[in-house]
Structure formats: structure tokens, C-alpha cells
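The values are calculated or read from the model by the stated rules, or taken from the named source; none is laboratory data. What you see is a predicted model; the values in this text were computed from it and never measured. Cβ atoms come from the backbone with ideal geometry, glycine included; neighbour counts cover every protein chain shown.
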Amino acid sequence: MFQSGTALHSNHRYQPIGSTGLSPQSLRDRIVSKLEASTANQALHPGARQTGVQMQSGGFRNIIRGLLVAGTILVASQAAQGQQPFYLQIHMGENGQDPIGFMGPHYFIHQAAGASLSLPPTTAFTPSQIRRAYGFDLVANQGAGQTIALVDAYDDANAANDLSVFSKQFNLPACTAANGCFRQLYSSGRKPAANANWAVEISLDIEWAHAIAPQAKILLVEAPSNNLSDLLAGVDYAVRNGASVVSMSWTSAELSSERNLDNHFVSTGVTFLAASGDSGSGVNYPAASPDVIAVGGTSLTLDKSGNYSSESAWSGSGGGLSKYEYEPVSQAQFPIANDIHGTRGVPDVSYNANPGTGYAIYDSVGVSGYSGWFQVGGTSAATPQWAALIAITNSQRVAARKANLSATGTSVYALGKSSLAGNFHAVTTGSNGSCGTMCDALTGYDYVTGLGTPQSKVLIPALAARP
């Protein structure tokens, strides 16, 4: 277990931007390569090890005992050139405790003059790049009339301001409380304690949900703590306050009694999505629930013109077979492979999540003394963007006088079965562990990337056309 703030050393050296002579895409590729190599050597990514579950006060308390956030700050000053990056271990809980359900981004990567972080990283994907890569730019609808709920723990007092900075930077429509686009609610009725590290997750969630569905309303629900019971209460609160899509960028180890909790994800006209995890092979909750869409991770590559080129499985993507949940009918009819016991397979779908091919976010609360623009990844980055895709789909359905999607996983698998190659980008390379084919990206469904990543210009209309 590394000590907070301790400088660690990688076998690789990073040159700061401005001294490489490389294009942003080439620089991104180089960083991805080095991140993946370091990950393989366990230098960068010891992982979010979830090692225990406790019962306290009659509730489930899932304790993550070893979350490592590897914060890589690449400083582009002459004095910093040639230095190796440093990595920060960050505790997500209050009073020095590790979190119960945090499934946040594991890396922050930035190149800047000094450490001001005053501009978005040139290696980070922007909203226009991602919208083009996945085909959202070819869909006229942008989610009008829908509400995307992002359920997180603790309070981010700067959430509204940071969303405004992000929107202005990337020429997105303003999303504010004043224009009715943004709401920040407390599920307990009282403002939670502040937590700078969860604020990074909040910034990521609200900014990228808005980036993909800029006309949808954004509802930030803040739970009083990272107790699983508090977060699930936040999910219920989001539904009561009008959410048609609920995004959950947090996870815990599976529980033997988790099927008793799945009712939190059953509501007519509401779709629930959960991050599959960032520690490689293994199944987490609530992604394990058959009533949610579990979102895994990939590494996205664009061509020189900014078009979609290819994707490979991200090594951190969570996935596998659940210990406790039954296989939903939609998976059984698809079918998924190697499931002789009829248990739930995770994930269902995937999306770019590798921090090396990560996203620009703005966070003014700051983490470990740094604030401003960061490059962030993880399946917690993928999940709110899939939530935005569902919001756009529902907006199209309402325009056609249809109800919002319910039991959305059934429709997703039905479209995968009817035309997998037409609705999804196939991800057939890469792995998330050393467990054989269960850890490999394969043709068809696999336990790293699910059905694949969205071809939005086809998938959204197809989902909108479902009964």
C-alpha cells in the first residue's frame, strides 16, 4: 500500500507536451502505450481492490480497502523535462477512511506549463471528437425533454460553476439552474459534507452527460455518504424527482444478498446504468444486477481525420460472471458463451474508458493541491455517456408518441441479436486479465466489452423504433 503523496517510479519516462514534436493523437497513443505497459507491471495500477463487506447499523457497508488513484501530472517546464511522473494515492472517504462504493477515475493525466492546469489537456478527448467518433453528430435529437440523473456521494459546492466552465469551453449550450437545465439535490434533504475527491467524479459525470445530450436536463443527486444504502436511496430519490435515466459511477464487491437490492433498479420508463469496474476481470455491484445496463471499457483510436478507427478492450474493464445473480432472459436468448450455470454476465456494452484515451474535465475544487483541467478515464466516464445515449433515444420515442424505454437491456440484446455488426462497433482485441477466453475480447459477446460500443446513428433510431 503506497503512502499518500509518496513519489513512485515507473520504468518509463514522459516528455512534456511542447517538447515532443508529436501530434496530439500521436502523443495520446504514446501515453496509452506507456500506461498499458506500466499497468501490466503493476506500477501504475494496483487497482481498486475491494476486499471486504461489513454490516453496520443494519445496512450494507462495502469497504474498498485499497483504492489507488494514480494521478499523473506531466509538467511542461524546462525544469520538469525528463522527470518521471508522480502518482498520488487518494482516500475517498471522510476522516481518512476509504470509500464504501467509489468507482471513480483512477488516473489524471495532464501536460501543462507549470501546474496551473488552466487549459484542457491536448491529449484528452473533447465533446466534439467523441460525438463524431460514436456517431452522435449524425443524430439531430440531443435529448430534449429528458432528465439524466447522476447519483454520487457527498457534496460538490462548485458543480454548477464547473459545468458552466466546461460548457463554455466546448461551445455547449448553457446548463444552469437559472435556465432549468441543472438541478443539484440532496437525497437526505440536507447538504452532505464536502469531499474533494468525489467532486472529481461529480464533475466527470455531469459534464460528459451534458456533452453527449446537451438538451437533456441534468439532475445531480448527492447522497450523504458513500454507504451503499445511502447511494441506493439516492437512486430512489432520483426516480421520484423525474429521472428517466439514472447513471451510477460507483461499485462495490458483490453481496450474497444483492438480489434483495435489485428492486431499486425497477421502475417503469426509467433506465439504470452502472459502471462495471476499473480493476480488470471481476464482477461488481450494482453492475451485476440484471436490471441495469452494465458498461465496460475500451481504448478508442481515431484516424488522422478524427474519424472512428478502432477500439480494443481496456485492461481495467470489469467483467465476468456474477456469483449471485441469475442470467436475464435477454442474455440467455442471445446467447452469451461459457455460461453453463445460467448466471448474469457483465458487462452488457462498453465505451471508451482507458485513462490514456480519456476525457477533458474541469474541476475547481481540486485534488491533492491541483485544480482545473484534467484528463480522466474509467468506466465511470463511460457510464454517463451511455446514459446520455438512452436519453436521446427516449426523446425520439416521446416525439413519436411512445413511452420511455423500460427494461432497456431486453431491447439492447434484441438489437444485438438482430444486427450486432450494424448496431455496435465490434471490439475483438485486448483483455482484462489472464483467465483465458473469459478475459479476452472476442467476436460477438464477451466478458470485457459486452456487445461492443455504440454506432449511435444506427443504434439510437433502432432503440427508438422498439415497441
Report task. Could you please give the count of residues in the range 119-153 that are modelled with pLDDT of 95 or more, over 16 Å from residue 175 (Cβ atoms) and part of a loop (DSSP other than H, G, I, E, B)? Result -> 6
**Report entry** Wholly within the range 302-419, strands (runs of 3 or more DSSP E) carrying at least 1 residues that are closer than 26 Å to residue 130 by Cβ
**Finding:** 308-313, 343-346, 349-352, 359-367, 370-376
Query raised in the report: When the range 255-285 is examined, which residues are found to be more than 19 Å from residue 378 (Cβ to Cβ) and of a type in the set (Asp, Glu)?
Result: 258, 262
Query raised in the report: Right, residue 170: of a type in the set (Phe, Trp, Tyr), surrounded by fewer than 24 Cβ atoms within 10 Å (Cβ to Cβ), in the same structural domain as residue 398 (by TED's automatic domain parsing) and over 21 Å from residue 227 (Cα atoms) or not?
Result: yes
Requested in this report: Check whether at least one residue in the range 426-433 is out of contact with any Asp or Glu (no Cβ under 8 Å at 6 or more places or on another chain) and either more than 22 Å from residue 133 (Cα to Cα) or assigned to a helix (DSSP H, G or I) (or both), and report yes or no.
Outcome: yes
Report summary line: Okay, strands (runs of 3 or more DSSP E) sitting entirely in the range 184-300 with 2 or more residues that are at pLDDT 95 or above and of a type outside the set (A, V, I, L, M, F, W, C), I get 217-223
